[in-house]
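Down below is the structure, laid out as structure tokens.
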Amino acid sequence: MKKIFFLILLSLCSSMLLKAQQPDFHAGFGNFPPPVEPDFKDVNYAGDDLEAHRLDIYLPKTEGKTFKAVIAIYGSAWFSNNMKGITYFSLGKPLIDAGFAVVCLNHRSSTDAKFPAQIEDVKGAIRFIRANAEKFKIDASFIGITGFSSGGHLSALAGVTNGAKELEGTIGGNLKVSSNVDAVVDWFGPGDMAHMNKCEGVNDEKSPEAVLIGGAPKDYPQEIAKISPITYVSKLKNAPKFLVIHGDADNVVPYCQSVNFSEELKKIGALTEFITVPNGQHGPITFNEETYKKMTDFFKEQAHIQK
């Protein structure tokens, strides 16, 4: 019964994700209640009072003083600043069941602030978790990151900028603490914004990435390169391992985004696996028991946890 209930909720969430790609998406969707209360709720990682800077931490209901952690980020085409609750449904529960602490975080939306605010929030949250690991029962020897859609983009961007100062920011302080991640699972995230329109060119001035950078992509090629994870791969010196998952029927983020990104990761030895989900859409079908197991097995392997 619990499994059926979870799959029903997942289907509901996945259908809503399609709507989340539209510019008029409202942040209130983030109020969808999680099935269980987090162990640490609405923790502000930036030292301010913004809803966008809150996170929830879920701990496994197993024995253990501390738990290795995975940060999980929602997809919303960067339009939402309050969807951390839904992240538990889409990605958190399989990770909790696999023995990981899961950190579901909010970040500023593209209408709150332009890029690089979003990745600076993510990196600030990572530093915060490391700096306060003992308080939150987290084993900071391993921090993975995952996300879907725009959350996949931010997860990938965090991974390919390990050690890079240009997108670090100062959110929350803890600047002597590393924001590096140890492994990345990218679920159908945009990787190359210069080829988002049918894999050939940039999208128009009404696209989510236009809102993210504050202008028409064709007029800001340098900004488009800056927000694209693929830009940083060849310069990456401290590369985490990546698992990339994408459905070949995705009608929101073109399938070629993950194909091209994975090819670049493979060149530097950072790609563990690229999974194509036949008939997989932007959430529906792509999220399934097999791909969830691929995710949890990957993180266990990278964290040196026995499967």
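Tabulated results
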read-out: Dipole magnitude of the stretch 88-165 about its Cα centre (Cβ charges: Lys, Arg +1; Asp, Glu -1), debye to nearest 20; value: 160
read-out: Along principal axes, Cα extents of the stretch 214-300, largest first, whole Å; value: 42, 32, 19
read-out: Pairs of Cα atoms farther than 28 Å apart, the stretch 2-302, %; value: 29
read-out: Most fluctuating residue given options VAL102, VAL43, VAL244, as computed from a GNM of the chain linking Cα atoms under 10 Å; value: VAL43
read-out: Expected 222 nm ellipticity per residue - DSSP helices of 4 or more, -39500 (n - 2.57), all of the chain, to 500; value: -8500 deg cm²/dmol
read-out: Mean Kyte hydropathy of 0.5 or more with a Cα span along the axis of at least 24 Å, helices from DSSP in the chain; value: 2-19
read-out: About the Cα centre, charge dipole magnitude for the stretch 2-302 (Lys/Arg +1, Asp/Glu -1 at Cβ), debye; value: 660
read-out: Isotropically averaged projected area of the stretch 210-258, using the convex hull of Cα atoms (one quarter of hull area), nm²; value: 4.7
read-out: Extension gain from LYS135 to VAL36, taking 0.36 nm per residue of separation minus the Cα-Cα distance; value: 33.6 nm
read-out: For the chain, built as a Gaussian network whose Cα springs stay under 10 Å, the top-fluctuating residue of ALA77, ALA125, ALA225; value: ALA225
read-out: For the stretch 2-302, with +1 on Lys and Arg beta carbons and -1 on Asp and Glu, the positive-most of HIS282, ALA98, VAL233 along the dipole; value: ALA98
read-out: The stretch 34-96 versus the stretch 269-307: alpha-carbon centroid distance in Å; value: 20
read-out: Most mobile of LYS235, LYS226, LYS137 in a GNM of the chain (Cα contacts under 10 Å); value: LYS235
read-out: Ranking of LYS241, LYS41, LYS165 by count of other Cβ atoms within 10 Å, fewest first; value: LYS165, LYS41, LYS241
read-out: Karplus (6.51, -1.76, 1.60) ³J(HN,Hα), θ = phi - 60°, over the stretch 238-247, in Hz, Gly and Pro reported as x; value: 10, 7, x, 7, 10, 10, 10, 10, 8, x
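Bear in mind that the values in this text are calculations on the coordinates, not laboratory data. Predicted, not measured: the structure shown is a model, and the values here were computed from it. Please note: Cβ atoms are built from the backbone with ideal geometry, for glycine as well, and neighbour counts cover all protein chains shown.
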